[in-house]
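> Let me give you the structure first, and then I'll get to my questions.
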Amino acid sequence: MVQPNRTAAAGKAIAEGANVLVMDDGFQHLRLRRDMDIVLIDATLPFGYGYCLPRGLLREPVSALSDADAVVVTRSDAISPADWTRFNTTCTASPRLPRCTRPCTGRLKSSTKPAGPWPAASWPE
């Protein structure tokens, strides 16, 4: 569902029977009541030059990640092992990331189906 007004879109989806809503760029929309916030971070440019728009790429300061329930790192296969180590060190050492308390222990890889804690057979072809 495409709708610039996120609140209206959520209301319409629920009215049409949705039980779960997954929203792109919904983290900063505080008018929406949420059960869980999952933030995706691009490993190739994880902290958007360190600044919010328009100077950087971030929509919110890095400190807002402390409000996330989970952080998923995408494109981790596109960075070197040294950059991966540096990313993990930043996460564990930064006081701005209080919920990031331990480095990632592995990477999930996928070519055509999402990889994760769900059985691969449950994903549509």
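> Once you put a point 7 Å from the Cα of Met36 and another 7 Å from the Cα of Gln3, both along the Cβ direction, what distance in nm separates them?
Computed distance between label sites Met36 and Gln3 equals 2.3 nm.
> What does the charge add up to near His29, with Lys and Arg as +1, Asp and Glu as -1, over the other residues with Cβ less than 12 Å from its Cβ?
Taking every other residue near His29 into account, the sum is +1.
> What nm distance separates the two modelled labels at Ala18 and Ser66, each placed 7 Å from Cα along Cα→Cβ?
Roughly 3.1 nm, to one decimal.
Each reported figure results from applying straightforward, stated rules to the coordinates on display, with no laboratory input. This one's a predicted model, so the numbers in the text were calculated from it and none came from an experiment. Backbone-built Cβ (ideal geometry, glycine too); neighbour counts: all protein chains shown.
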